[in-house]
Amino acid sequence: FDSKTVNVVFVLGGPGAGKGTQCKRLVEDFGFCHLSAGDLLRAEQNREGSEYGTLIQNCIKEGSLVPVEVTVNLIKNAMTAALKEGRDGEGWKDGKGRFLVDGFPRQMDQAEVFEKEVCKPSLVLFFSTTEEVMLARLLERGKTSGREDDNEESIKKRFHTYKEQTMPVIEYYEKQGKVATVDSSGSVEEVHQHASEAVKKVLS
Ligand code: UP5
Ligand code: MG
């Protein structure tokens with residue numbers, strides 16, 4: 001990957017902070033290709049013949065992290081496919097493939113591997129809110145989502161992993177001045193407005 005041809009924005013925040021919801025809106029605004037690490041892992045888990053199905057299922061249920069190489073390869077493959085598809089339509093006018101990498105990197109070694117094998121991010125969009133808000137959103141979603149980790153026990157484990165493993169990644173990028181923190185406690189619309197402003201700055 002050539003940093004002249006790709007522009008990667010990492011989207012981080014705790015479980016249920018609203019990463020996926022906001023990414024969908026940013027795709028509409030800016031024509032990003034949205035890659036959710038969690039969605040890619042769930043798709044791989046369900047892919048017939050995958051050797052990682054059980055491993056991924058267990059990690060997701062336990063709120064622990066799937067080995068870095070598995071996740072990085074899924075993201076790289078999805079990026080290559082999107083670039084090949086020539087998503088040079090509306091959003092990619094500047095000739096760069098714009099990617100929102102959602103829910104990744106969640107651990108320092110993931111950040112290191114990605115930077116080495118793909119590129120450095122232009123921005124880290126950090127959706128921040130309280131555990132209370134996140135828990136309420138996830139329990140509500142759990143009524144219909146069918147996600148195996150939308151139950152109180154798994155959610156608590158996800159919070160723990162987030163604090164222990166993912167917060168250091170945010171601090172690492174904060175030291176580089178790359179983090180835009182957006183309070184995601186408000187309505188989808190309010191949060192979207194702030195997120196959109198932050199993204200605009202790195203695209204112009
Ligand atoms: N909602 C959203 N915004 C709202 C708002 N402003 N007001 C009111 N409601 C709002 O939103 C969650 C819910 O809240 C939805 O019902 C939404 O309508 C509502 P969503 O946008 O889905 O939040 P998001 O932050 O995307 O939450 P998600 O559950 O996807 O976060 P996680 O980070 O926990 O999940 P992810 O899919 O990224 O990862 C799952 C697991 O995969 C991990 O726990 C881990 O085991 C594994 N994984 C890895 O191992 N490695 C990786 O690199 C990535 C994942
Ligand atoms: Mg999500």
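Quick test for you: out of Val101, Val191, Val182, pick the one residue that is in contact (Cβ under 8 Å) with a residue 12 or more places away in the chain, surrounded by 15 or more Cβ atoms within 10 Å (Cβ to Cβ), within 18 Å of Arg25 (Cβ to Cβ) and touching a Gly at 6+ places or on another chain (Cβ under 8 Å).
Testing whether each residue is in contact (Cβ under 8 Å) with a residue 12 or more places away in the chain, surrounded by 15 or more Cβ atoms within 10 Å (Cβ to Cβ), within 18 Å of Arg25 (Cβ to Cβ) and touching a Gly at 6+ places or on another chain (Cβ under 8 Å) leaves just Val191.
Just one of the numbered conditions (1) closer than 24 Å to Val179 by Cβ; (2) not in a helix (DSSP H, G or I) is not true of Asp29; which one?
(2)
Could you list all residues from segment 53-76 that are within 23 Å of Ser154 (Cα to Cα) and away from ligand 1 (no atom under 11 Å from the Cβ)?
Gly53, Thr54
Provide a single number: the residues in segment 3-61 that are over 26 Å from Glu174 (Cα atoms) and either hydrophobic (A, V, I, L, M, F, W, C) or exposed (fewer than 15 other Cβ atoms within 10 Å of the Cβ) (or both).
Summing the residues that are over 26 Å from Glu174 (Cα atoms) and either hydrophobic (A, V, I, L, M, F, W, C) or exposed (fewer than 15 other Cβ atoms within 10 Å of the Cβ) (or both) in segment 3-61 gives 17.
Filter segment 77-91 for residues that are modelled with pLDDT of 75 or more and assigned to a helix (DSSP H, G or I); which is surrounded by the fewest Cβ atoms within 10 Å (Cβ to Cβ)?
This residue is Lys84.
Quick check on Gly63: is it within 14 Å of ligand 2 (Cβ to nearest atom) and in contact (Cβ under 8 Å) with a residue 60 or more places away in the chain?
yes
Return the total of residues in segment 154-185 being under 19 Å from Gln22 (Cβ atoms), touching a Ser or Thr at 6+ places or on another chain (Cβ under 9 Å) and away from ligand 2 (no atom under 16 Å from the Cβ).
5
Considering segment 157-184 alone, what residues qualify as being part of a helix (DSSP H, G or I) and of a type in the set (A, V, I, L, M)?
Met167, Val169, Ile170
Only residues in segment 31-46 that are closer than 15 Å to Asn77 by Cβ count as the first member; pair them with residues that are within 11 Å of ligand 2 (Cβ to nearest atom) and acidic (Asp, Glu), Cβ under 9 angstrom, at least 6 apart or cross-chain, and list the lot.
Final answer for the pair search is Leu35/Asp102; Ser36/Asp102; Ala37/Asp102; Asp39/Asp102.
Got at least one residue in segment 4-24 being assigned to a helix (DSSP H, G or I) and within 17 Å of Leu203 (Cβ to Cβ)?
Yes, the conditions are met somewhere in segment 4-24.
Go through (1) within 14 Å of ligand 1 (Cβ to nearest atom); (2) touching a Cys at 6+ places or on another chain (Cβ under 7 Å) for Gly18 and report which single condition fails.
With respect to (1) within 14 Å of ligand 1 (Cβ to nearest atom); (2) touching a Cys at 6+ places or on another chain (Cβ under 7 Å), Gly18 is out only on (2).
Go through the residues of segment 60-75 one by one and say whether even a single one is of a type in the set (Gly, Ala, Ser) and in a helix (DSSP H, G or I).
no
Look at segment 6-34 and say how many of its residues are more than 13 Å from ligand 2 (Cβ to nearest atom), modelled with pLDDT of 95 or more and touching a His at 6+ places or on another chain (Cβ under 6 Å).
Residues in segment 6-34 being more than 13 Å from ligand 2 (Cβ to nearest atom), modelled with pLDDT of 95 or more and touching a His at 6+ places or on another chain (Cβ under 6 Å): 1 in total.
Name the residues in segment 130-153 that are surrounded by 13 or more Cβ atoms within 10 Å (Cβ to Cβ), within 14 Å of ligand 2 (Cβ to nearest atom) and among the polar types (S, T, N, Q), would you?
None; the set is empty.
The values are calculated or read from the model by the stated rules, or taken from the named source; none is laboratory data. The structure presented is a predicted model; accordingly, all values stated were derived computationally and were not measured. Using ideal geometry, Cβ is built from the backbone for each residue, glycine included, and neighbour counts are taken over all protein chains shown.
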